[in-house]
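Visitor: First the structure, which I've put down as structure tokens, then a few questions once you've had a look.
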Amino acid sequence: MRTTPAAREEADVWLTVMVRHGHLHHVESGADGTWSVQRTPDSVPWTLHHPVFVLDYVAEILRDVRRPRGEGHR
């Protein structure tokens, strides 16, 4: 369990890592503190409005990546 709140900088780092490792197609930071994330070139962009939402989104991607191939996508 976390003892500190999620910070914008932490969210930015996680999103950068996910793009560099090929788990996200595109990420764009908004001036209003939001992030627009796109998992594949054909997927609909999601807008995340808080660092906690970014960390939840990253955790979901990591679960999908670690899931054995026979179990399918959520």
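What follows is calculated from the coordinates using simple rules that are stated; it is not laboratory data. Quick caveat: nothing in here was measured; it's all calculated off a predicted structure. So basically every Cβ, Gly included, is an ideal-geometry build from the backbone, and we count neighbours across all protein chains shown.
Visitor: Say a paramagnetic label sat at a point 7 Å from the Cα of residue 26, along Cα to Cβ; which residues of region 36-65 have their backbone N under 17 Å from it?
Guide: Counting backbone N atoms under 17 Å from the label point, the list is 36-48.
Visitor: What does the charge count around residue 34 come to, taking other residues whose C-beta lies under 13 Å from its C-beta (Lys +1, Arg +1, Asp -1, Glu -1)?
Guide: Details: positive: 8; negative: 12, 28, 32.
Net charge in that neighbourhood comes out at -2.
Visitor: Pick out, in residue order, every one of the chymotrypsin sites (Phe, Trp or Tyr not before Pro) in the chain that is DSSP loop and has at most 14 other C-beta atoms within 10 Å; say none if there are none. Walk me through the numbers before you get to the answer.
Guide: Numbers: sites: 14, 35, 46, 53, 57; in loops: none.
The qualifying sites: there are none.
Visitor: Going by alpha carbons, how many degrees (0 to 90, nearest 10) lie between the helix axis of 51-66 and the longest principal axis of the chain?
Guide: 20
Visitor: Another question, if that's okay. From zero up to wherever the largest Cα-Cα distance of the chain sits, split into 5 Å bins and tell me the percent of pairs in each.
Guide: 3, 15, 26, 25, 17, 9, 3, 1, 0
Visitor: What order do you get for 55, 62 when you list them from fewest to most C-beta neighbours inside 10 Å?
Guide: So the ranking, lowest neighbour count to highest, is 62, 55.
Visitor: For helix 8-20, report the angle its Cα long axis makes with the longest principal axis of the Cα atoms of the chain; keep it between 0 and 90° and round to the nearest 10°.
Guide: 30
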